[in-house]
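Note sheet for the following structure.
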Amino acid sequence: MDTGDGVGAHRPAACLCVLCGLPAAGKSTLARTVCSLAAQHGWSSTVLPYDDLIPEHAFQLKLVEDGDDKQQQTTEWKLHRLAVLQCIEQFLEKRQAPTEPPATGCQINSAVWGRCIQPLLEPKTVDHSKADHSPLLILLDDNFYYPSMRYEVYQLARKCSLGFCQVYLHCAMELCISRNQSRSKPLPTEVILEMTKRLESPNPQKNPWEKQSITLNSTDSLSKWDIQRLMELISSALSNPLSPVEDDAEQKEADRIKCATSVVHQADQACRRLVSEAMKSARENKVDPKHMRSLAAELNESKTRFLHNLRKQFLQELPIAQGEDIDVEHVVKTAVEVFNQDKNKILKSFIADHA
């Protein structure tokens, strides 16, 4: 990659390594180990902890009768994730400490960002003549439970001709919950339970772009062999950066995810209208006010579960062939009818029990 300084120099190799898995699976501990070993290889490395970079309010969801606040919070969370990737891209373009946070739609924690990139500005090689060419390793520490979240990182790596790899830490849910409870600021157990339902581990057979992935069992301490495999994976990714040129398989995957996102978004809007209608009907049928909040919570929980299953089913069972047209409106209409039936059952039960 040309630096643009006119002398034909090249930027040092760089790699984005995605760490994914349940909370308390051991991602942060593994990241510290990798950074220590990276220094021995002469690599400059850092960890980007999403929980610290993204403000806490972006993760919070509120259940209200019409669901509007929930949509706003979810959208903000997604925008903050994109902001992290935009910051990475801008840093890789300039390779210098920013005088101010990169301009993005959502602001990440600038103090944390500054601390994160500082190690990348400090050469790890004893040969100072090679300092400017030290490979860069950026570890992204988050749950990354949906493939689409990881695919966004892959797209950035491909766009910037970076290395890309993934590490999935498999750990029993019960152990993650136990570890989480011993933390100074534990997550609610419900969050881990819900994430367990949603988590889709890397699947190279289904997603060719995930071929540079390994799964490590973190139920017990990782072995030296596990760490060695990971370091070899990273070394391979650094030596084999992605090409910006898209092939048919990658374009097909991008189209499939884009279509699935459109289907789920439109279904979400339709479901919100149905929830609002149900709440209105409950009020007209004089459901006890103290039970209205419970009804709203149950309807929204049903909607969330329905949208998750819709997205998963669409990606798994309705792959988009090259050039194939999908009638999104028909798919949405058919799918939403399933939620409408569930909504009617919930509403009928509440009216019968609490009116």
Requested in this report: Among the residues of the range 153-191, write down those that are in a helix (DSSP H, G or I) and touching a Leu at 6+ places or on another chain (Cβ under 6 Å).
Outcome: VAL153, LEU156, ALA157, ARG158, CYS176, ASN180
Report summary line: Of the residues in the range 78-111 that are of a type in the set (A, V, I, L, M) and outside any loop (DSSP other than H, G, I, E, B), the one that is modelled with the lowest pLDDT is LEU79
Report summary line: PRO49 meets each of (1) more than 29 Å from CYS171 (Cβ to Cβ); (2) modelled with pLDDT of 85 or more; (3) of a type outside the set (A, V, I, L, M, F, W, C) with one exception, condition (1)
Requested in this report: Would you check which residues across the range 192-239 are farther than 30 Å from GLN40 by Cβ, among the polar types (S, T, N, Q) and part of a helix (DSSP H, G or I) and list them?
Outcome: THR196
Report task. Look through the range 112-169, keep the residues that are β-branched (Val, Ile, Thr) and more than 16 Å from GLN212 (Cα to Cα), and return whichever of them is modelled with the lowest pLDDT. Result -> VAL126
Requested in this report: Could you check, for the range 224-232, whether at least one of its residues is at pLDDT below 90 and over 18 Å from ARG150 (Cα atoms)?
Outcome: no
Report task. Could you identify the single residue in SER221, SER243, SER262, SER184 that is surrounded by fewer than 16 Cβ atoms within 10 Å (Cβ to Cβ), over 30 Å from PRO12 (Cβ atoms) and either in contact (Cβ under 8 Å) with a residue 40 or more places away in the chain or outside the structural domain of CYS35 (by TED's automatic domain parsing) (or both)? Result -> SER262
Requested in this report: Considering (1) in contact (Cβ under 8 Å) with a residue 60 or more places away in the chain; (2) touching an Asp or Glu at 6+ places or on another chain (Cβ under 8 Å), say which one TYR168 fails and leave the rest.
Outcome: (2)
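The values are calculated or read from the model by the stated rules, or taken from the named source; none is laboratory data. Computed from a predicted model, the values in this text were never measured in an experiment. In this analysis, Cβ positions are derived from the backbone assuming ideal geometry, glycine residues included, and neighbour counts consider all displayed protein chains.
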